[in-house]
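The values are calculated or read from the model by the stated rules, or taken from the named source; none is laboratory data. Being a predicted model, the structure only gives us computed values, none of them experimental. Every residue, glycine as well, gets a Cβ built from its backbone with ideal geometry; the counts of neighbours run over all protein chains shown. Just so you know, the surface numbers come from the protein's heavy atoms only, side chains and all, with ligands and any DNA or RNA stripped out. Shrake-Rupley method; radii C 1.70, N 1.55, O 1.52, S 1.80 Å.
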Amino acid sequence: MTSEDRGGAPHLRVAVVGAGIGGLATAAFLHRAGIEATVYEQAPALTEVGAGLVVSPNAVRLLRGLGRLDRFRERAVPLEVGWEFRRWEDGRVLFSQNLGEECEQRFGEQSYVAHRADLLAAVRAAVPERALRLGTRLAGLHRVDAGIELTFTDGTSTVADVVVGADGVHTTVGQYVTETGPPRFSGMCAWRSLVPAESAPEFARHPVQTLWLGPDRHLVHYPISGGAQINIVAFGPAHDWTTESWSAQGRIEDLRAEFAGWSDDLRALLAAAQSTGRWALLDRDPLPRWTNGPVALLGDAAHPMFPFFAQGAAQAMEDAAVLAGCLAGRPGTEDPAAALSRYEAIRRPRATRVQQLSRGRAQSNHLPDGPAQQARDASFSNADPFAQSGWIYGHDAESSVREAQPAG
């Protein structure tokens, strides 16, 4: 069911639950297509939660499509080198890949590293201020004659033709789509720290995505915020830590203890860190469905994934572009539910593949010293990450919609 605009054409009312990167990108692509969308976010303000992330060419392509790439570039750092793998014990470089122009020539866009807040701000700039409702927590969904009624914990409500759940791994919308069950703890946790560049060792300031690999753990670092900060994210055993929140704080001495005995260079970088966040990594098997009539899931609500492929934000943005494209391109008489089913058919196989590969990378990154680790390190000599990642980086989400669009 849809309302009618003044010209008598179907006019969709879309409610997006969650103002993370996926939710804001959904609203941005919908508004670009002329579809009204309102984003409902439980937080009272969009703050600088999180730290660094890799923004790969498939996501950069979408930022360009939104007309917000220049804004993003103001603070993002273009990577010159990626996949620089180092051995935990002595810092020996096992492999590295030049990016920069080579990446742009291969995929049409560069790779960047950035603070999550800078990517969020660039996407938010494409969403009209009137379309954002902060401090609004979803209580439930109900089918009514006029569409789907959303009720909120403050007692207010609204009605929409389409509801998009972009509300993360603890999704509320998800229970109206499929039997999700609670996510399970993976047994791993992540740490993150930001170090002022002037306090960091010189090697860490380069525009390089560096990954230190060692027994049961790995650590990634790269510069963000125009080079002013060094982002550190480390992964290892959770021990007794079960808190899953980007705002949870850990103890810096515990992080340093996790990497005791590692390279002097790495420990010097950790010595410069003064505080750290810590969160447990949650896991969930791929969902059997993402849509139920006029209700759809995207981003972490649909496919929570470990960050080992650095594709969480990019896959959420791809979801957003495809969902908006399917709604905008549907024939005028088509029920929106059919467009959402097409969105799921386009996106679920690809996102599921990334989700599953991200899960498998943990085992490879955390091998103990021994034959399997030596074979992994030896395999780097024949590695071609451009070829291996071409199906990810070269993907054009908006083109995938046009290729699957029905006639009419």
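Points worth noting:
- Subset of segment 304-325 (residues that are at pLDDT below 95 and in a loop (DSSP other than H, G, I, E, B)): PRO304, MET305, PHE306, ALA310
- Selection status of GLY325, in contact (Cβ under 8 Å) with a residue 12 or more places away in the chain, open to solvent by 10 Å² or more (accessible area, probe 1.4 Å) and closer than 23 Å to GLU36 by Cα: yes
- Test result for ALA271, free of Cβ contacts under 8 Å to residues at least 12 places away in the same chain, part of a helix (DSSP H, G or I) and of a type outside the set (Phe, Trp, Tyr): no
- Meets criteria (of a type in the set (D, E, K, R) and open to solvent by 60 Å² or more (accessible area, probe 1.4 Å)) for ARG353: yes
- The set of residues from segment 157-174 being under 18 Å from the mean Cα position of the chain (by Cα), of a type in the set (A, V, I, L, M) and at pLDDT 95 or above comprises VAL164, ALA166.
- Members of segment 164-196 found to be assigned to a loop (DSSP other than H, G, I, E, B) and not acidic (Asp, Glu), listed by number: ALA166, GLY168, VAL169, HIS170, THR171, THR172, VAL177, THR178, THR180, GLY181, PRO182, PRO183
- Residue count for segment 356-366, restricted to those that are open to solvent by less than 30 Å² (accessible area, probe 1.4 Å) and in contact (Cβ under 8 Å) with a residue 60 or more places away in the chain: 3
- In segment 43-70, the residue that is most open to solvent (accessible area, probe 1.4 Å) out of those that are closer than 20 Å to ALA131 by Cβ and modelled with pLDDT under 95 is PRO44.
- Only one entry of GLN249, GLN209 meets the criterion of being surrounded by fewer than 16 Cβ atoms within 10 Å (Cβ to Cβ) and of a type in the set (S, T, N, Q), and that entry is GLN249.
- Contacts under 9 angstrom Cβ, first residue in segment 27-40 being touching a residue at least 24 places away in the same chain (Cβ under 8 Å) and polar (S, T, N, Q), partner surrounded by fewer than 24 Cβ atoms within 10 Å (Cβ to Cβ) and in a helix (DSSP H, G or I), 6 or more apart: THR38/ARG130; THR38/ALA131
- Tally, over segment 143-163, of residues that are touching a strand residue (DSSP E or B) at 6+ places or on another chain (Cβ under 6 Å) and in a strand (DSSP E or B): 12
- Residues being over 14 Å from GLY20 (Cβ atoms), in a loop (DSSP other than H, G, I, E, B) and open to solvent by less than 10 Å² (accessible area, probe 1.4 Å) - total across segment 288-303: 1
- Test: residue in segment 277-284 that is more than 20 Å from SER400 (Cβ to Cβ), open to solvent by less than 30 Å² (accessible area, probe 1.4 Å), under 18 Å from the mean Cα position of the chain (by Cα) and among the acidic types (Asp, Glu): yes
- Residue that is nearest to HIS31 (Cα to Cα) [pool: residues in segment 58-109 that are among the basic types (Lys, Arg) and in contact with a strand residue (DSSP E or B) (Cβ under 9 Å, 6 or more places away or on another chain)]: ARG73
- Filter result (in a helix (DSSP H, G or I), open to solvent by 60 Å² or more (accessible area, probe 1.4 Å) and at pLDDT below 95) within segment 380-408: SER381, ASN382, ALA387, GLN388, ARG402, GLU403
- In segment 332-360, the residues that are charged (D, E, K, R) and not in a helix (DSSP H, G or I): GLU334, ASP335
- Selection status of PHE152, in contact (Cβ under 8 Å) with a residue 12 or more places away in the chain and touching a helix residue (DSSP H, G or I) at 6+ places or on another chain (Cβ under 8 Å): no
- Selection within segment 79-111 - under 30 Å from ARG267 (Cβ atoms), under 24 Å from the mean Cα position of the chain (by Cα) and surrounded by fewer than 16 Cβ atoms within 10 Å (Cβ to Cβ): ASN98, GLY100
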